[in-house]
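Chemist: What follows is a structure written as structure tokens; I'll ask about it next.
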Amino acid sequence: MGEVKVLGSWSSPYGLRVQWALGLKSVEYEYIDEDLLNKSQMLLKYNPVHKKIPVLVHNGKPIAESAVILEYIEETWPQQHPLLPKDPYERAMVRFWINFLDNKDKVAPFITFFIGVGEEHKKAVNEAKELLKLYEEQVLGEKKYFGGEEIGMLDLAMGWMAYFGVIEEIVDVKILDAETFPRLHAWIQNFRAHPVIKNNLPDHDRLLQNYTEKRQRFLAYSPHTENA
Amino acid sequence: MAGELVLLDFWPSPFGMRSRIALAEKGIPYEYREEDLRNKSDLLLQMNPVHKKIPVLIHNGKPVCESVIQVQYIDEVWHDKAPLIPSDPYQRAVARFWVDFIDKKIYELGSKIWKTKGEEQANAKKEFIECLKLLEGELGDKTYFGGESLGYVDVALVPFYSWFYAYEKCGDFSIEAECPKMIAWVKRCMQKESVAKSLPDQEKVYEFILHLKKVFGIE
């Protein structure tokens with residue numbers, strides 16, 4: 001159904017969402033990895049407003065913003081592996097939660113968990129745990145996936161959790177543990193095991209090395225000092 | 001299909017206005033309930049426990065929160081009347097992109113214009129105008145963002161017009177002077193009853209902002 005390109009970044013959960021969606025729908029695409037510190041002319045041409053990945057280019061026409069791209073993929077390839085429920089109310093609920101978890105205030109605690117120190121870090125740990133509790137109890141509940149029996153759009157949006165363990169390894173603090181969050185833990189195992197997801201996860205060792213370096217850079221430039 | 005429809009709202013909220021316009025465009029009757037945001041009703045807290053914010057659209061007792069999600073929901077349920085979102089997937093993606101842009105930029109920048117002074121305000125004004133110009137570019141020569149009829153982007157953006165006078169007074173600038181195409185588009189939208197009846201008077205909004213400034217101790 002035409003030429004599909006994805007401009008992404010190897011470790012970005014926003015880019016991976018798009019790749020996972022295309023993979024689940026068996027849509028072939030060309031993947032172009034962007035160096036975010038040295039953005040290509042192509043990226044700047046296809047997303048002049050935000051200059052960010054991911055961008056989906058279908059038959060030469062670009063679409064930016066991962067949530068927008070996911071809706072487009074669902075509408076363009078509706079038959080294979082539907083990502084949204086049919087009922088308008090249930091669709092509204094999926095969109096609500098994607099909108100919620102993508103909100104910068106809801107992402108911030110996890111970022112601060114990664115690069116913060118001291119009091120700021122403690123606060124972030126508590127906020128992150130509260131959010132995880134909400135996702136575990138109210139959003140996932142008893143379901144196998146956020147989408148029910150099959151992976152849906154919300155699972156893809158929650159996909160960052162699938163490799164959050166590496167972040168915990170680097171920070172040396174565990175918050176998404178199996179005892180406190182058994183359902184999320186089970187979800188992670190199921191999600192990671194799915195053939196499309198399994199083949200499209202960032203390499204563990206590369207993540208470990210790359211993100212350790214990243215964290216060290218942030219800490220070096222941070223105005224805070226680590227408590228002794 | 002209509003069932004019971006209630007909109008929990010607050011008269012100056014541009015987000016509430018979006019749902020008002022969408023429902024009016026489709027001629028759907030509903031009960032409008034004004035919330036006192038300093039004294040939120042039990043119903044609001046029960047229907048939107050996560051954000052505790054308006055607008056909340058309650059359809060047959062089930063709440064839909066977030067204005068862009070409400071407008072999409074309204075369009076999907078009452079799809080045969082005055083469709084707001086284009087039918088072509090690419091056009092839909094373009095519309096969703098610009099609504100996301102509006103949500104990321106316009107409200108926050110507008111808030112900075114009335115809440116701040118000096119360099120912060122100057123920067124906010126500059127960026128605000130840049131965003132409006134980008135939107136003017138997207139509008140092009142079309143009557144509305146939706147083409148010949150009101151669309152998703154029109155519904156998402158036009159409510160902010162009711163705050164323009166407040167922004168202009170607080171920021172001491174003229175939006176029309178900088179973005180005449182935008183104001184021309186606004187005037188076309190205001191010719192529609194659905195829009196005119198959903199937006200409050202600009203002077204009233206300005207008075208409300210002055211009151212808020214007092215309450216927050218902003219100069």
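Chemist: Every residue in region A:88-114 that is β-branched (Val, Ile, Thr) and away from every other protein chain (no Cβ under 14 Å), please.
Modeler: Across region A:88-114, the qualifying residues are A:111, A:112.
Chemist: Right, something else. Regarding residue B:139, is this residue within 27 Å of residue B:73 (Cα to Cα) and within 15 Å of the chain's Cα centre (by Cα)?
Modeler: Considered against the rule, which asks whether it is within 27 Å of residue B:73 (Cα to Cα) and within 15 Å of the chain's Cα centre (by Cα), residue B:139 comes out as no.
Chemist: If I filter region A:46-74 down to residues being in contact with a strand residue (DSSP E or B) (Cβ under 6 Å, 6 or more places away or on another chain) and part of a strand (DSSP E or B), which single residue comes out as nearest to the other protein chains (Cβ to nearest Cβ)?
Modeler: Among those residues, the one meeting the criterion is A:63.
Chemist: To continue, here is another question. Could you say whether any residue in region B:54-61 is at the interface with another protein chain (Cβ under 10 Å from one of its Cβ atoms), modelled with pLDDT under 95 and within 26 Å of residue B:164 (Cβ to Cβ)?
Modeler: no
Chemist: Sticking with this structure for a sec: Starting from region B:197-214, keep only residues that are closer than 15 Å to residue B:15 by Cα, then list their pairs with residues that are basic (Lys, Arg) and not in a helix (DSSP H, G or I) whose Cβ atoms are within a distance under 6 Å, requiring at least 6 positions of separation or different chains.
Modeler: none
Chemist: Please determine whether any residue of region B:29-41 is within 14 Å of another protein chain (Cβ to nearest Cβ) and either out of contact with any helix residue (DSSP H, G or I) (no Cβ under 7 Å at 6 or more places or on another chain) or on the phi < 0 side of the Ramachandran plot (or both).
Modeler: The answer is no, given that none of the residues of region B:29-41 is within 14 Å of another protein chain (Cβ to nearest Cβ) and either out of contact with any helix residue (DSSP H, G or I) (no Cβ under 7 Å at 6 or more places or on another chain) or on the phi < 0 side of the Ramachandran plot (or both).
Chemist: Which of (1) closer than 26 Å to residue B:211 by Cα; (2) at pLDDT 95 or above; (3) surrounded by fewer than 21 Cβ atoms within 10 Å (Cβ to Cβ) is the odd one out, the single condition residue B:110 does not satisfy?
Modeler: Here residue B:110 meets the rest and fails (3).
Chemist: Does region A:85-97 contain any residue that is β-branched (Val, Ile, Thr), farther than 26 Å from residue A:173 by Cβ, within 19 Å of the chain's Cα centre (by Cα) and outside the structural domain of residue A:22 (by the TED database)?
Modeler: yes
Chemist: Moving on. Confirm whether residue B:156 is more than 17 Å from residue B:102 (Cα to Cα), outside the structural domain of residue B:20 (by the TED database), modelled with pLDDT of 95 or more and surrounded by 23 or more Cβ atoms within 10 Å (Cβ to Cβ).
Modeler: In short, no.
Chemist: Count, please, the residues in region B:94-130 that happen to be among the aromatic types (Phe, Trp, Tyr) and either within 14 Å of another protein chain (Cβ to nearest Cβ) or within 17 Å of residue A:65 (Cβ to Cβ) (or both).
Modeler: Of the residues in region B:94-130, 4 are among the aromatic types (Phe, Trp, Tyr) and either within 14 Å of another protein chain (Cβ to nearest Cβ) or within 17 Å of residue A:65 (Cβ to Cβ) (or both).
Chemist: What are the residues in region B:75-93 that are at the interface with chain A (Cβ under 9 Å from one of its Cβ atoms) and either surrounded by 22 or more Cβ atoms within 10 Å (Cβ to Cβ) or of a type in the set (Phe, Trp, Tyr) (or both), if any?
Modeler: B:90, B:93
Chemist: Moving on to the next point. Could you check how many residues of region B:133-147 are part of a helix (DSSP H, G or I) and either touching a strand residue (DSSP E or B) at 6+ places or on another chain (Cβ under 9 Å) or of a type in the set (D, E, K, R) (or both)?
Modeler: 3
Chemist: Kindly list the number of the only condition in (1) surrounded by fewer than 19 Cβ atoms within 10 Å (Cβ to Cβ); (2) assigned to a helix (DSSP H, G or I); (3) without any contact (Cβ under 8 Å) to a residue 12 or more places away in the chain that fails for residue A:100.
Modeler: Unmet condition: (1).
Chemist: With A:117, A:125 as the choices, which residue is away from chain B (no Cβ under 14 Å) and either at pLDDT below 95 or under 30 Å from residue A:73 (Cα atoms) (or both)?
Modeler: After applying the criteria, what remains is A:117.
Chemist: Looking at region A:75-87, is at least one residue part of a helix (DSSP H, G or I), under 21 Å from residue A:53 (Cα atoms) and within 11 Å of chain B (Cβ to nearest Cβ)?
Modeler: There is at least one residue in region A:75-87 that is part of a helix (DSSP H, G or I), under 21 Å from residue A:53 (Cα atoms) and within 11 Å of chain B (Cβ to nearest Cβ).
Chemist: Just give me the residues in region A:146-161 being part of a helix (DSSP H, G or I) and within 16 Å of residue A:131 (Cα to Cα), in sequence order.
Modeler: A:154, A:155, A:157, A:158, A:159, A:160, A:161
Chemist: Out of the helices (runs of 4 or more DSSP H) lying entirely within region A:163-209, which hold 3 or more residues that are modelled with pLDDT of 95 or more and aliphatic (A, V, I, L, M)?
Modeler: Qualifying helices (runs of 4 or more DSSP H): A:164-171, A:182-193.
Chemist: Filter the helices (runs of 4 or more DSSP H) completely within region B:148-219 down to those with at least 1 residues that are more than 13 Å from the chain's Cα centre (by Cα) and basic (Lys, Arg).
Modeler: Fully inside region B:148-219 and qualifying: B:161-171, B:180-190, B:202-216.
Chemist: Which of the numbered conditions does residue B:69 fail, given that it passes all the others? Conditions: (1) out of contact with any Asp or Glu (no Cβ under 8 Å at 6 or more places or on another chain); (2) more than 9 Å from chain A (Cβ to nearest Cβ).
Modeler: Result: residue B:69 passes all but (2).
The values are calculated or read from the model by the stated rules, or taken from the named source; none is laboratory data. Nothing here was measured: the structure is a model prediction, and the numbers come from that model. All Cβ positions, even for glycine, are placed from backbone atoms using ideal geometry, and neighbour counts span all protein chains on display.
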